[in-house]
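Throughout, read-outs are computed from the coordinates displayed, never taken from laboratory work. Please read all numbers here as calculations on a predicted model, not as lab measurements. A quick note on method: Cβ atoms are made from the backbone with ideal geometry, for glycine too, and the neighbour counts reach across all protein chains shown.
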Amino acid sequence: MADTGAPETIVRSGAQWLVAALEAEGVDTLFGYPGGAIMPVYDALVDSRLRHILVRHEQGAALAADGYARAGGRIGVCLATSGPGATNLLTGIANAYMDSVPMLAITGQVASPLMGTDAFQEVDIFGMSLPVVKHSFIVRRAEDVAATVREACAIARGGRPGPVLIDLPKDVQLARAAAAAARAPGGGPAAQDPRPDAAALAAAVTLLARSERPLLYVGGGVGIARAEPALRALVAATGIPVVCTLKGLGAIEPDAPEFLGMLGMHGSPAANHAVQSCDLLLVAGARFDDRATGKLDSFAPGARVIHIDTDAAEIGKLRGADVALGGTLGIALEALAAQVRRPAGAIADWRAHCAALRTLYANRYDAPGQDIYAPALLHELSRAAGPGAIVACDVGQHQMWVAQHWRIAACDRHLTSGGLGAMGYGLPAALGAQLARPDAKVFCVSGDGSIMMNIQELATARRYGIPVKIVLLDNGCLGMVRQWQELFFEQRYSEIDLSDNPGFVALAEAFGIEAFGIGRREEVPAAIARLLAADGPILCHVRIDPRANVWPLVPPGKSNGEMMDAAA
């Protein structure tokens with residue numbers, strides 16, 4: 001037969017098109033849990049190059065995909081069946097949405113003829129997910145699966161990243177078809193000019209030149225945009241002091257003389273006092289979140305604002321900007337660094353004032369007694385682990401201690417549930433991060449409350465030999481809730497007692513995980529050495545004082561200048 005030159009028509013099932021499209025997008029790892037409505041996809045995985053990680057709860061799949069994306073700089077993919085499988089993903093999807101993490105969530109759905117009939121394990125995950133995704137798809141034809149995956153991945157990665165959901169009815173997974181032609185882009189917003197507006201840039205340069213007390217307020221958008229080098233170049237060019245949000249930590253080196261620490265509710269006094277005194281706030285990739293600003297109308301009360309953000313919707317949303325710089329965040333920072341001609345010496349008095357604040361309020365690690373002082377333990381561990389280590393936190397007191405005392409060298413080495421504050425995040429996120437960065441030392445810092453929310457993922461760590469190092473700070477209570485009840489609810493303690501916790505060492509060992517416990521300060525050096533020497537997953541159970549609090553603390557309704565400390 002003569003060669004006609006026509007391409008061969010490939011016919012595959014919808015499930016096979018899904019797998020092939022994921023491979024074409026460069027996906028190599030996905031996290032999931034099988035079930036009836038997603039079974040054709042799991043059958044297709046048998047013949048694919050994709051590495052599937054079987055978690056023990058679908059929430060673990062979404063949170064592991066989140067950690068994989070943050071640490072690896074790639075889209076994270078999670079997979080679940082219909083009904084409870086899909087709804088169990090929602091917390092992880094919402095977490096990715098709040099923290100702008102590129103994620104593709106794929107859910108099985110009952111067959112198309114059964115949709116809307118309250119069939120077994122049917123839920124409207126498309127509708128349920130709408131508030132917490134960038135976009136949702138229901139695929140109606142097998143020939144559209146590959147194009148939908150391509151579009152979904154482009155949306156998840158593009159602009160301000162975030163999660164996208166594909167809901168795939170079972171009959172569409174089983175149906176065989178040739179792939180439809182790729183859809184031409186259209187219907188969405190016009191592409192944004194990556195460069196900042198020239199007039200706005202000139203206005204920003206003028207404000208910076210005239211400012212006597214400028215301050216950089218850095219948020220998670222800098223890390224999302226991979227703009228740390230541009231930010232550091234701007235700081236080097238200007239000498240402007242820097243404060244960071246929880247998710248902005250790592251944007252500047254922890255030892256940089258300009259860095260004053262984290263601002264906000266549990267921020268450093270140096271950072272909070274500098275914010276309240278500055279006359280110009282240069283906001284880069286931050287959104288004036290309430291945990292960072294305290295009482296908003298008293299936040300940086302004498303400051304004019306230059307706001308730089310890739311997402312134009314954030315500029316002016318909570319506080320008006322004197323100058324708005326849109327476009328790509330890194331390009332805007334580079335343009336500022338290139339045009340600002342004012343050397344650090346021009347703000348020498350302000351820099352000296354901020355340096356004095358940093359010295360005055362430097363962290364101390366000489367707490368009295370023989371009990372383990374959690375901030376000192378975390379500080380020593382981060383120094384021993386080195387700047388390349390990745391730390392994934394759960395939510396609570398330990399999360400704030402990590403933010404305050406871990407030496408975070410880059411944004412993608414600090415994984416934390418910032419916007420949603422999801423307990424149970426730390427362990428699955430650490431597993432995802434370790435799979436994305438197999439050569440890195442990855443730590444999970446958790447509390448006795450948080451670890452129980454996804455402790456089943458110890459089985460995942462054991463099955464795949466994922467060498468995550470877990471530091472479990474156990475104070476026998478829900479520490480952050482207890483602290484608030486102590487300070488603001490007249491010590492009327494309600495449902496915070498966890499004194500009946502299981503034996504965590506024995507529990508980890510039952511999962512096949514190496515584990516040990518410590519409770520006295522002199523045991524810390526050996527514990528750190530053992531954690532660092534472990535080849536596989538390991539858990540260190542650390543008993544700490546249940547009365548220990550996180551300081552400082554900005555009380556609710558107060559300005560950041562009205563911090564409480566241990567002496568209050």
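Bridges between two residues of the range 11-178, per DSSP, are antiparallel at a rate of about 10%. The relative contact order of the range 198-360 comes to 30 percent, based on Cα pairs under 8 Å that sit 6 or more residues apart. Considering only Cα atoms, the convex hull volume of the chain works out to 172 Å³ per residue. Taking the Cβ of Thr245 as the centre, find all other residues whose Cβ is under 12 Å away and add up their charges (Lys, Arg: +1; Asp, Glu: -1). Cβ neighbours under 12 Å give a net charge of 0. Highest mean packing first, where packing is the average number of other Cβ atoms within 10 Å per residue, the peptides 552-565, 47-60 line up as 47-60, 552-565. Evaluating 6.51 cos²θ - 1.76 cosθ + 1.60 at θ = phi - 60° for every residue in the range 407-424, the Karplus couplings come out as 7, 8, 9, 7, 4, 7, 9, 10, 9, 8, 7, x, x, 8, x, 8, 4, x Hz, glycine and proline recorded as x. Only lysines eight or more places from Lys558 in sequence, or on another chain, were considered; those with a Cα closer than 16 Å are Lys295.
For the range 374-543, the share of DSSP beta bridges that are antiparallel, to the nearest 5, is 5%. Amide H contacts under 5 Å for Leu104: Gly76, Val77, Cys78, Val164, restricted to partners 5 or more places along the chain or on a different chain, H placed in the peptide plane at 1.01 Å from N.
For Leu532, the shell of other residues with beta-carbons less than 10 Å away shows a net charge of +3, using +1 for Lys and Arg and -1 for Asp and Glu. What does the C-alpha gyration tensor say about the overall shape of the range 198-360? Classify as rounded when a/c is under 1.5, otherwise prolate if a/b is larger than b/c, or oblate. Taking the square roots of the gyration eigenvalues as a ≥ b ≥ c, the range 198-360 is rounded.
Multiplying the residue separation of Glu495 and Ala198 by 0.36 nm and subtracting their alpha-carbon distance yields 101.3 nm. Straight-line reach from Lys134: taking Cα to Cα under 21 Å and skipping same-chain neighbours fewer than 8 places apart, the lysines in range are Lys247, Lys317. Using the Cβ of Ala86 as centre and a radius below 10 Å, the other residues enclosed give a net charge of -4, where K and R count +1 and D and E count -1.
Sorted fewest first by neighbouring Cβ atoms within 10 angstrom, Tyr365, Tyr217, Tyr42 come out as Tyr365, Tyr42, Tyr217. Across the range 374-543, the relative contact order, built from alpha-carbon pairs under 8 Å that are at least six residues apart, equals 21 percent.
Shape annotation for the range 11-178: C-alpha extents along the principal axes are 37, 32, 30 Å, from largest to smallest.
Using θ = phi - 60° in the Karplus curve 6.51 cos²θ - 1.76 cosθ + 1.60, the 3J(HN,Hα) couplings for the range 311-319 round to 8, 4, 5, 7, 6, x, 5, 10, 9 Hz; x is entered for Gly and Pro. Using all pairs of distinct alpha-carbon atoms, the Kirkwood hydrodynamic radius of the range 129-274 works out to 19.1 angstrom. For Lys469, go through the lysines and keep the ones whose alpha-carbon is under 19 Å away, minus same-chain ones fewer than eight residues off. Leaving aside lysines fewer than 8 places away in the same chain, those within reach of Lys469 are Lys441. Across the chain, C-alpha contacts under 8 Å between residues 6 or more apart give a mean separation that, scaled by the residue count, equals a relative contact order of 14 percent. Taking the average, over residues, of other Cβ atoms within 10 Å as the packing measure, peptides 493-504, 82-93, 426-437 rank 426-437, 82-93, 493-504 from highest down.
Expressed to the nearest 5 percent, the antiparallel share of DSSP beta bridges inside the chain is 10 percent.
Phi angles across the range 445-460 convert, under the Karplus curve 6.51 cos²θ - 1.76 cosθ + 1.60 with θ = phi - 60°, into 3J(HN,Hα) values of 9, 10, x, 5, x, 5, 4, 6, 6, 9, 5, 4, 6, 4, 5, 5 Hz, Gly and Pro given as x.
Relative to the longest principal axis of the chain, what angle (0 to 90°, nearest 10) does the C-alpha long axis of helix 84-98 take? On a 0 to 90 degree scale, this one is about 40.
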